[in-house]
1. Do you know which residues across region 511-561 are part of a strand (DSSP E or B), within 16 Å of residue 580 (Cβ to Cβ) and without any contact (Cβ under 8 Å) to a residue 40 or more places away in the chain?
2. Which residues, counting only those in region 1-41, are loosely packed, with under 13 Cβ neighbours inside 10 Å and either over 30 Å from residue 63 (Cβ atoms) or β-branched (Val, Ile, Thr) (or both)?
3. Pairs needed: first member in region 481-499, at pLDDT 80 or above and among the hydroxyl-bearing types (Ser, Thr, Tyr); second member anywhere, open to solvent by less than 70 Å² (accessible area, probe 1.4 Å) and outside any helix (DSSP H, G or I); C-beta distance under 7 Å; at least 6 residues apart or different chains.
4. Residues 244, 231, 238: which one is free of Cβ contacts under 8 Å to residues at least 24 places away in the same chain, under 28 Å from residue 606 (Cα atoms) and aromatic (Phe, Trp, Tyr)?
5. When you go through 8, 28, 24, 16 one by one, which is the residue that is of a type outside the set (Val, Ile, Thr), modelled with pLDDT of 95 or more and over 11 Å from residue 105 (Cβ atoms)?
6. Any idea which residue in region 574-603 is most open to solvent (accessible area, probe 1.4 Å), counting only those that are outside any strand (DSSP E or B) and closer than 20 Å to residue 625 by Cα?
7. Which of the residues belonging to region 335-364 are in a loop (DSSP other than H, G, I, E, B), acidic (Asp, Glu) and open to solvent by less than 80 Å² (accessible area, probe 1.4 Å)?
8. Would you confirm whether any residue within region 313-333 is touching a helix residue (DSSP H, G or I) at 6+ places or on another chain (Cβ under 7 Å), at pLDDT below 90 and surrounded by fewer than 17 Cβ atoms within 10 Å (Cβ to Cβ)?
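The values are calculated or read from the model by the stated rules, or taken from the named source; none is laboratory data. Since the structure is predicted, the reported quantities are computational estimates derived from the model, not experimental observations. Please note: Cβ atoms are built from the backbone with ideal geometry, for glycine as well, and neighbour counts cover all protein chains shown. Ligands, DNA and RNA are stripped out before the accessible areas are found, and what is left, the full protein with its side chains, is counted by its heavy atoms. Shrake-Rupley method; radii C 1.70, N 1.55, O 1.52, S 1.80 Å.
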Amino acid sequence: MIEFGQFALCSAWILACVGVVFGAWVGARSSSSLAHVELLRRTTIATAIALACAIVGLGYGFVTNDYSIQYVWQYSNRDMPWIYKITAIWGGMDGSMLLWCCLVAGFCALVARASTKYPRPLRAWLYCFLNSSTLFFTTITVFLTNPFRYLKSPVVMPDGNGLNPLLQNEYMAIHPPMLYLGFTGLAIPYAFCMAALCSGHMSNDWIRLTRRWTLIAWTFLTAGIVLGGHWAYLELGWGGFWAWDPVENASFLPWLTATAFLHSVMVQERKGMLKVWNIFLIVLTYALTVFGTFLTRSGIVQSVHAFASTDIGWVFLSYLATIILVALGMVIFRRAELKPERAIESFFSREAVFLLNNLVLLSICFAVLWGVMFPVFSEAFTGVKQTVGIPFFNAVNVPLFLALVALMGVGPVIAWKRSTPRFLARAFIAPLMGAFVVSAALVWAGITDFYPVLSYGICFFVFLTIIGELQRGLKAQSVTRGVSSSPPAALAQLIRRHRVKYGAHLIHFGVLVMTVAITASMAHKVEREFTLAPGERFVVGRFALELSEFHEENLPNYEAIRAHVNVRSLKDDSLLQVMAPELRFYPKNKETTTEVALRMGQREDLYLILAGIDESGAKASMKVFINPLQVWLWYGAIIMVLGGIVVAVPVSKGVTEKTAEMSSAAQVV
């Protein structure tokens, strides 16, 4: 099977080369035949099939314990459950690069399948740039990080080293693929952008196509980031979900710029403005995915998420420079076609608010990037590596995030072109008054810290603007259609007819839920350390923790010390749950990990860690966190992803025509 995988990988590399070279040749010709374009389409699809075969071949090696393959021996062993053997495919550098190749080629194949509907001048150059992304990552995989290398040993090893214990978690089966789907999907908007620049087809056709693919990638990336936070929350045992780790930040950077593009692209579609700005955002987003890959695999930053230090960083930096220089050259070449059709007329307009939204997002992006690279710069210029931690990121980004959330309530409501004072007063006085009342009530209830009160107030303001938009939509629908129906039916009909608009509001509502949860978990967290002997109790919050017993366990893959803790209610001493935190030792890796015990609830999470056993062997040392509203962070993320799916699903032609008629009628009214 190793020969099959190697053959499939090399075949994919050859096909990608053909796609790039032949695509550039066909695109450079003034007229290209449909036969040539069809050949490019089939070549792109064949590349994806070849890479899928390659990753199946590698997976077969893991499942069958083929330790003649160096990569399988390094990241698997016989005692690992089968789910972790599958996870081990992307547990190291070589397999993760192969997965990246497979996913980016898969996205390219999906674009190729639908490309017969795309403008003909775009197609050849589109295939060229689609295949260029596949070619770059496949080149690295074939020549630098090939996972099909034989183990340099005269005999086949009877067992492997095993996967990193921190990665032996069910969420690692879905978190990296979801994150990679987001990263690789962002190669598609870049390919459309460069195809438009190279072909000279600068109409809004490519923008409309790009927006949907960007939204699909953004949705995957959102899910991947949150799943990573959930994995960190469950596995790392520190009571939090986001530590501004360099690799976490590397995934967050393209999310910020993609979010900015999804807002500013509407300005270009409706008003013919921000053309160069949108190209800048697309290229920057793709460049940041490459930069994030460089950070993870170069070893220049230290992170629990990073792969081992390698010498391939220069390859990523070279490709990064090529992306930027080619894009810059094409923008200069097409500068006449990229002139805006009009200018922003008023600060009190949706165009201005969306641009301000973009500036805030890029400010957050710059602050995060600076924090990530500061240790590298400090070591280069002073010889001493200095790091910035959570306080820096929070101090800079918390105000910016709150400003962003506030703009989220203003942007969709304010009018295009120019808003009158009367309209602004009618739209925002009630939400502002509501936010003020809620903030005053919170202060009266004892929450006096500035940022939590401000955060809750802003969230309530945005929530009221969303409700106001729904009310205005229902009113316009009843006027234009002249038919009364029950409120649930009317609301369902409104959302169906304006699915994109209210899908975006659903995303915004998910952001509000997450913001409230993050604020609560940061501002009202309780953290305690204690030591108990069997039968003793420790009181924290509204719970009493009673240690029942602790014992040792020997399992095939690890050894463990497990404690049993009875969680009782202080109110009536009833037993709520038996929690079982663990300390695990993995003999193969010589590593110790903590397995947290978690009691999730709508009100708070009870998060319990077994820190160790004292020297006498009679007492257990523990750490407990009470994280208020933590579960709502995950609920909010689910709402965001659902909103992304709602917006990304294509609208049928009939619904689009009816919606346009209804919108015109509403404007007349």
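1. Across region 511-561, the qualifying residues are 546, 548, 549, 551, 552, 553, 559, 560.
2. We begin by selecting, within region 1-41, every residue loosely packed, with under 13 Cβ neighbours inside 10 Å; these are 3, 29-31, 33-35.
Selection gives 29, 30, 31, 33, 34, 35.
3. Close Cβ pairs satisfying both conditions: none exist.
4. On the way: 244 fails: free of Cβ contacts under 8 Å to residues at least 24 places away in the same chain; 231 fails: free of Cβ contacts under 8 Å to residues at least 24 places away in the same chain.
Exactly one of 244, 231, 238 is free of Cβ contacts under 8 Å to residues at least 24 places away in the same chain, under 28 Å from residue 606 (Cα atoms) and aromatic (Phe, Trp, Tyr), namely 238.
5. Working: 28 fails: modelled with pLDDT of 95 or more; 24 fails: modelled with pLDDT of 95 or more; 16 fails: over 11 Å from residue 105 (Cβ atoms).
None of the others qualify; the one that does is 8.
6. Step one: of region 574-603, the residues outside any strand (DSSP E or B) are 574, 580-581, 587-590, 596, 600-603.
With the extra rule that they be closer than 20 Å to residue 625 by Cα, the set shrinks to 580-581, 596, 600-603.
On the way: 580: 37, 581: 0, 596: 27, 600: 91, 601: 16, 602: 101, 603: 150 Å².
Filtering region 574-603 for residues that are outside any strand (DSSP E or B) and closer than 20 Å to residue 625 by Cα, the one most open to solvent (accessible area, probe 1.4 Å) comes out as 603.
7. Going residue by residue through region 335-364, those that are in a loop (DSSP other than H, G, I, E, B) are 335-349.
Those still in the list that are acidic (Asp, Glu) too: 337, 341, 345.
Within region 335-364, 337 is the sole residue that qualifies.
8. Residues of region 313-333 that are touching a helix residue (DSSP H, G or I) at 6+ places or on another chain (Cβ under 7 Å), as a first pass: 313, 315-317, 319-320, 323-324, 327, 330-331.
Subset that is at pLDDT below 90: 313.
If we keep only those that are surrounded by fewer than 17 Cβ atoms within 10 Å (Cβ to Cβ) too, we end up with 313.
Yes; the residues of region 313-333 include at least one that is touching a helix residue (DSSP H, G or I) at 6+ places or on another chain (Cβ under 7 Å), at pLDDT below 90 and surrounded by fewer than 17 Cβ atoms within 10 Å (Cβ to Cβ).
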